[in-house]
Amino acid sequence: MSDPAPRPMTVEEFLVWDDGTDTRYELVGGQPVAMAPPAAAHGALASAVMIQLGTRLRPPCRTISEAGIRLSDHEDIYFQADVAVTCQPLKPGMVPVPDPTIIVEILSPSTAQFDRGRKLAIYREIPSVQEILLLDSTKRYAELWQREDERSWVVRDVIGGGTLRFPSVGIEIPMAALYEGVL
């Protein structure tokens with residue numbers, strides 16, 4: 001006889017769940033999904049984003065790494081973005097990022113399809129999110145999604161050089177600053 005299918009978890013159950021390992025997980029459709037350890041280029045890009053955003057932001061805005069992202073009306077989804085920016089106060093014990101303004105995902109060959117598909121669609125549903133940056137970890141390429149209004153988004157592809165502009169927080173970052181020493 002086979003084992004019964006695991007019962008879907010809620011976000012609250014997921015946040016207190018522990019499988020006894022150091023594995024990182026996301027909650028997708030109520031099921032924990034293991035995240036592969038990031039490659040060196042992935043980690044270097046995430047660090048560069050943290051530094052470049054973090055040194056340009058003005059209080060009360062700040063960067064958060066491995067940022068927990070949740071939608072209030074989705075009880076079965078909880079993502080771990082590589083980096084997020086919030087301009088809301090943080091409270092002790094707070095897990096999800098409050099009202100993220102910017103979300104950054106570093107794309108790898110194994111995650112690019114999911115990040116560009118389901119994750120991007122869900123991130124675009126979050127009312128506070130103004131920009132979503134998808135950075136490729138295998139070549140100098142970025143997709144910068146920017147909210148135009150409640151229902152409209154514009155995407156800007158930045159290939160090679162160029163500058164990423166984040167009007168929601170009034171900063172610009174050269175692509176070269178993110179990819180220096182990485183690719």
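The values are calculated or read from the model by the stated rules, or taken from the named source; none is laboratory data. Values in this document were obtained by computation on a predicted structure and should not be read as measured data. Please note: Cβ atoms are built from the backbone with ideal geometry, for glycine as well, and neighbour counts cover all protein chains shown. Only protein heavy atoms, including side chains, enter the accessible area calculation; ligands, DNA and RNA are left aside. Shrake-Rupley method; radii C 1.70, N 1.55, O 1.52, S 1.80 Å.
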Filter result for the condition that a residue is part of a helix (DSSP H, G or I), in contact with a strand residue (DSSP E or B) (Cβ under 7 Å, 6 or more places away or on another chain) and without any contact (Cβ under 8 Å) to a residue 24 or more places away in the chain, over Gly54, Gly43 | Gly54
Report, by residue number, each residue of segment 62-92 that is outside any strand (DSSP E or B) and either surrounded by fewer than 18 Cβ atoms within 10 Å (Cβ to Cβ) or touching a Lys or Arg at 6+ places or on another chain (Cβ under 6 Å) (or both).
-> Leu71, Ser72, Asp73, His74, Glu75, Asp76, Gln88, Pro89, Leu90, Lys91, Pro92
Do you know which residues across segment 106-161 are aliphatic (A, V, I, L, M), part of a loop (DSSP other than H, G, I, E, B) and out of contact with any Phe, Trp or Tyr (no Cβ under 7 Å at 6 or more places or on another chain)?
-> Ile126
Looking at Val49, Val95, Val16, which is the one that is modelled with pLDDT of 95 or more and either open to solvent by 20 Å² or more (accessible area, probe 1.4 Å) or under 20 Å from Tyr123 (Cα atoms) (or both)?
-> Val49
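To keep it simple, each residue is scored yes or no on (1) open to solvent by 20 Å² or more (accessible area, probe 1.4 Å); (2) at pLDDT 95 or above.
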position	(1), (2)
Ser108	yes, no
Lys119	no, yes
Arg124	yes, yes
Glu131	no, yes
Leu144	no, yes
Arg147	yes, yes
Trp153	yes, yes
Options Pro38, Pro59: the member that is surrounded by 13 or more Cβ atoms within 10 Å (Cβ to Cβ) and of a type outside the set (Val, Ile, Thr) = Pro38
Pairs where the first residue, in segment 100-121, is under 12 Å from Ala46 (Cβ atoms) and the second is of a type in the set (Asp, Glu) and not in a strand (DSSP E or B), C-beta under 6 Å, 6+ apart | Glu105/Asp115; Leu107/Asp115
